Amino acid sequence: MSVPHLPKVAGIDPTVPVSYTDGPLSEVPAAPSSFIQDRLAGWVSDLTTLHELTERLARTSNLDDALHELLDAGAALLGARRGLIMFEPSDRRGPVSTIGLGLAHAELGQIETVPRSATSYGRILEGLSGSEDSLTTPDLLSDSSLDPRGREVAARLGYAASYALPITTDRTGRLAAAVWLYDDPAEPLERQRHLAGLYTGYAAEHLARLLELERARTDVATVTEELLPSRMPRIPGVELAVRHHAAPQGGNDWYDALALPAGALGLAVGSVSGSGPSALAAMGRLRAGLRAYAVMEGEDPVAVLSDLELLLRLTEPARSATALFAYCEPARRKILLAGAGHTPPLIIGDRRTEYVETTLSAPLGMLACWEAPSVEIEPAPGETLLLYTDGLLRRAGDSMDRAFTRLHSAAASVPRALRQDASAVADHVLRTVFPDGPEQGDDTEDVVLLAARFD
């Protein structure tokens, strides 16, 4: 009679003979299943920890937050209390930053006084021999082969061991070097190194995506600033100040101030529909067109906006825009303005704070031919004309009615002493509307505030 084959089980060889004993059960060795269960429980715990840490990292949306999260997670995985990360992409295009964990700014400065080639993060960033993988220094203070300055700084700051990892991807190359510091001589266990390696591999890919996004935002911001005036003109009888906060993905609001013949001044604000590079290009074309029309016929704001309407329909038939143009004669304190679907400006003075009653009109590109009557105002000496885009209203997150009320209250609350300075007026209005800064609320909206104070 043949012996039946034992079933195959993962990790167990059924051909190994099974031995039996006649001794008491208390002398029988413990079953191997308890060891397997312990190992499985450890693996599950490690996977759960990695899942939680990577989820936290995935929720970060900018480089600084992601680098802080990477340092915190690495410290938890490696059993360290302090650390630092040097973010220096190998393509030398930046940005470059140093972030510490449990280290003050002055302490980071002391660490950076150590010759770069003598530090673990320096060898990683410079691609020196043997720096492609982790670098362990289990006893900094007793290792005579290390740079004396490095041992001196370690003793002064109270750390005795370090463990460094390169942060790199195949696509971008070396992005950063992270170092975790131990208070006493020590080195991480093999299991801790494995977990930290898995985590930093994921973190590197996340950092690469954020770096690409950060560079794109920087490029868009640079182009946006280049398309807008680099400085305000100096015109006798009027003081100008502008505040512009562009949305991260690329702004579509614009402003302009240009000197015109006979001592006149042209002021303009506007907004183009859409977002991204195409809206940015459309904004540049409209602003350039308005400057040309203002020089030719600026004393007639209606004609300027009518020409701008034609330009928009010819170059951007599927796009709309709002605009407001004001022709100012500071010597006479006279302003003639017209708006196309744009928010009304504010007059701020000692005796009044009120919106200018502009005629309601459709945005540019919404009608076959745009035209609306202009409005003439005469600011009193010391009064400020405040032009702005609707991003100033929308970013606060309120309904438009409440946003207009909030803006009016902010303008009315400008202290009398500050009303002598256009910059102070603009700053006060922004601080009042956005107590937590213009970055609060809907970050898809630009904020433009242009203040003109008349003597």
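The values are calculated or read from the model by the stated rules, or taken from the named source; none is laboratory data. Note that the coordinates shown come from a computational prediction; the quantities given were computed from them, not determined experimentally. Because the Cβ atoms are built from the backbone with ideal geometry, glycine has one as well, and the counts that use them run over all protein chains shown. Surface accessibility is based on the protein's heavy atoms, side chains included, excluding ligands, DNA and RNA. Shrake-Rupley method; radii C 1.70, N 1.55, O 1.52, S 1.80 Å.
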Please list the equivalent ellipsoid semi-axes of the stretch 269-310, computed as the square roots of five times the alpha-carbon gyration tensor eigenvalues, in descending order and whole angstrom.
22, 9, 7
With a point put 7 Å past each Cα toward its Cβ, work out how far Ser409 is from Tyr355 in nm, to one decimal.
1.6
Cα gyration tensor shape for the stretch 296-348, rounded if a/c is under 1.5, else prolate or oblate
oblate
For the stretch 198-322, with every protein chain kept in place, what is the accessible area per residue (1.4 Å probe, Å²)?
43
Using the reciprocal of the averaged 1/r over all distinct C-alpha pairs, how large is the Kirkwood radius of the stretch 30-137 in Å?
16.5
So, R0 is 41 Å and r is the distance between the beta-carbons of Ser34 and His68; what FRET efficiency does that work out to, to 0.05?
0.50
With axes computed from alpha carbons, what is the tilt in degrees of helix 190-227 against the longest principal axis of the chain, rounded to the nearest 10 within 0 to 90?
10
With the Cα gyration tensor of the stretch 235-321 giving a ≥ b ≥ c as the square roots of its eigenvalues, does the rule (a/c under 1.5 for rounded; else a/b larger than b/c for prolate; else oblate) give rounded, prolate or oblate?
oblate
Given +1 on the Cβ of Lys and Arg, -1 on the Cβ of Asp and Glu, and no further charges, what dipole in debye does the chain carry about its Cα centre, rounded to the nearest 20?
700
3J(HN,Hα) from dihedral phi, the stretch 381-391, Karplus parametrisation 6.51/-1.76/1.60, rounded to Hz, x for glycine, proline
x, x, 7, 10, 8, 10, 9, 7, 9, 5, x
Hull volume in cubic angstrom per residue (convex hull over the Cα atoms of the stretch 62-101)
63
Given points 7 Å out from each Cα along the Cα-Cβ axis, report the Glu297 to Glu152 separation in nanometres with one decimal.
7.6
Using a Förster distance of 41 angstrom, determine the FRET efficiency expected from the C-beta separation of Arg92 and Asp401, and round it to 0.05.
0.20
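By how many nm would the segment from Leu108 to Val44 grow when fully extended, if each residue of separation counts as 0.36 nm and the alpha-carbon distance is taken off?
Fully extending the segment from Leu108 to Val44 adds 19.4 nm.
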Grab the Cα-Cα distance for Leu141 and Ser230, subtract it from 0.36 nm times how many residues apart they are, and report the gain in nm with one decimal.
26.6 nm
Compactness of the chain, expressed as Rg and Dmax over alpha-carbon positions, Å:
32.9, 120
Residues of the stretch 80-108 with amide N under 17 Å of the 7 Å Cα→Cβ point at Arg215
87-97
Consider all pairwise Cα distances in the stretch 164-271 and report the whole-number % of them above 24 Å.
56
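So between Ala262 and His194, what do we pick up on full extension, going 0.36 nm a residue minus the alpha carbon distance?
That pair, Ala262 and His194, stretches by 17.0 nm at full extension.
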From Cα pairs below 8 angstrom and at least 6 apart in sequence, can you work out the relative contact order of the stretch 88-213, rounded to a whole percent?
24
Name the shape class, rounded, prolate or oblate, that the alpha-carbon gyration tensor gives for the stretch 251-371, where a ≥ b ≥ c are the square roots of its eigenvalues, rounded holds for a/c under 1.5, and otherwise prolate holds if a/b is larger than b/c and oblate otherwise.
prolate
Taking Cα atoms, the helix 33-58 axis meets the longest principal axis of the chain at an angle in degrees (rounded to 10) of 10
Going by accessible area, probe 1.4 Å, with all protein chains left in place, what is the ranking of Ser90, Ser306, largest first?
Ser90, Ser306
Farthest positive-ward along the stretch 311-455 dipole, Cα basis, beta-carbon charges - from Ala362, Leu392, Leu336:
Leu336
